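The values are calculated or read from the model by the stated rules, or taken from the named source; none is laboratory data. This is a predicted model, so every value here is computed, not measured. Reconstructed Cβ throughout: ideal geometry from the backbone, glycine too, with neighbour counts over all protein chains shown.
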Amino acid sequence: MASYNVKPSKPFAVFGALVGVAMLVFVFTKGVGQDSGFLWLWAAVCVGIVGFNLWAAFSKRGSSEVVERRNAE
């Protein structure tokens, strides 16, 4: 069984990171959920999105999924 790593294109991964940064800026400037832990949950998710996309864009092993192909029997 052969397996292949699938990487997103570098421009798409960088775009995803920029969207994550925009979401982070939006939540801190608008103060959505400042009274609760939702702000920090949102910020953690945005940091995860940015980190994952930058890792996928610039790492040699930055694959976002693995596809396995089974041999015909």
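Could you tell me how many of the residues in the range 20-50 are part of a helix (DSSP H, G or I) and farther than 30 Å from E68 by Cβ?
Number of matching residues: 19.
Quick test for you: out of A13, A43, pick the one residue that is surrounded by 12 or more Cβ atoms within 10 Å (Cβ to Cβ) and touching a residue at least 24 places away in the same chain (Cβ under 8 Å).
A13
Can you spot a residue in the range 1-14 that is modelled with pLDDT of 90 or more and within 19 Å of the chain's Cα centre (by Cα)?
yes
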